[in-house]
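One structure is given here, and the rest of the page talks about it.
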There are 2 protein chains.
Amino acid sequence: MLKPKTRAKPSAKREAILDAAQGLFLDVGYAATSMDSVATLAGVSKATIYAHFDSKDQLFAAMMHRRCDASFAFVPPDDTSDAARTLTIIAERLLSLLISPEALALYRVVVAESARAPELAKAFYETGPIRAKEAIAAIVARLQLRGELLAIQDAMVITDQFIGMLRAETYHRALLGLPAARPAAQTIATTVETLVRAYGRR
Amino acid sequence: MLKPKTRAKPSAKREAILDAAQGLFLDVGYAATSMDSVATLAGVSKATIYAHFDSKDQLFAAMMHRRCDASFAFVPPDDTSDAARTLTIIAERLLSLLISPEALALYRVVVAESARAPELAKAFYETGPIRAKEAIAAIVARLQLRGELLAIQDAMVITDQFIGMLRAETYHRALLGLPAARPAAQTIATTVETLVRAYGRR
DNA sequence: GTCTATAGAAAGATAGAC
DNA sequence: GTCTATCTTTCTATAGAC
């Protein structure tokens, strides 16, 4: 048996358990989710859960990996347009990913558990945010090669600033469950403007 | 009796309870902190806690308010220097506040509980982040008045972008408990450079 | 205000039948 | 693999003495 238990072939009960665990972990958090409630929601017995997953921790980790794959699937756009147009499309796609209820809930619970389970936080970061970030940095680098953006700063740094400005207000408030102060479209527009002013073709 | 229980005069036992609650809530989270463990750590009986606080929720809220006052005391700098120098000092002070272990832990647990306790998240935001943000926006506005920064964009928007870029990588990784990818000083330097390139005097 | 003692419910995990 | 039943511990909150 080479594969670990948590990567076993999908079965109906196993998927039902993961679905239930996802709903509860993302809704009420790790500690407040009981294995009993997962069993009830999944329509199985608690013993069946332990037949598929060694512990509550491993169930949580399996749920997180499955959701990361689904929540951070960033689709890079064509980058044949000018900088402003390309960055705007990236911003729209990224922000709609980030402020989706599922992605927010996953981020909340991973942040909450990062002190208790550091390797989990690391796995999350490398399975989720880093992938989107590297995809965006590659596009920024190509914009620099084409002269659409000045190459006076590292593409990764510009990408970090890009994502940081996008997450500044809209995302921060959404993460705390507060109503938006500004429309997301406005945040996107001002972010792109600022980047183009700083790094756009002169 | 006008004042609510959670604002009663400080007593030795009450402070000990709050100290213990803070240590545990910030360390292991809300759900994983038991009233028993708070009592033991504070050196009091559990009944004494309930004599001072109506419930676990109210104990948490009292702890949060006390820590917000301590963790978000942003001291605005002189703003008689040029934009780059002023922004650098602000960035240094803000980032050292934000990535302090206490502020990170408080943010983690408030984010984690924001779905369960929305009014708590709101109180946190208004007692903590908003205060620092408005203090910074006021300085940005004065820099604009003095012509150190162009007034082509709202001071609040520039402030959001400023804070967003600062929190982008250093803070994001710190929040997840991951080692820093770059020194904070570098993030500060590139952030200030970008803002000055976009909004600095021509 | 502060304590001891405890009620009553619920937690994570397992034994053993099938 | 899946179930019922249960072990053992721990949880929030309270009763009642002082």
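Every number here is computed from the coordinates shown, using simple stated rules; none is lab data. Just so you know, these numbers come straight off a predicted model, no measurement behind them. All Cβ positions, glycine included, derive from the backbone under ideal geometry; neighbour counts span all protein chains shown.
Data table
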{"quantity": "Contact order relative to length of the range B:10-55, as percent, for alpha carbon pairs under 8 angstrom and 6 or more apart", "calculated": "42 percent"}
{"quantity": "Cut-off under 5 Å, modelled amide H: who pairs with residue A:149 long-range", "calculated": "A:144"}
{"quantity": "Nearest-first distances (nm) between copies at residue B:66, label 7 Å from Cα via Cβ", "calculated": "4.2"}
{"quantity": "Between the range A:51-65 and the range B:32-90, the alpha-carbon center distance in angstrom", "calculated": "33 Å"}
{"quantity": "Loop trypsin sites (Lys or Arg not before Pro), the range A:136-200 (other Cβ atoms within 10 Å of the site Cβ: 14 or fewer; DSSP)", "calculated": "A:146"}
{"quantity": "Separation of alpha-carbon centers, the range B:104-163 and the range A:166-192, rounded to whole Å", "calculated": "12 Å"}
{"quantity": "Cβ-Cβ FRET estimate between residue B:37 and residue A:142, R0 fixed at 51 Å, reported to 0.05", "calculated": "0.40"}
{"quantity": "Label 7 Å beyond Cα on the Cβ vector: residue B:41 copy-to-copy distances, nm", "calculated": "2.8"}
{"quantity": "Label spacing, shortest first and in nm, from residue B:202 to its equivalents in the remaining copies (7 angstrom along Cα→Cβ)", "calculated": "1.3"}
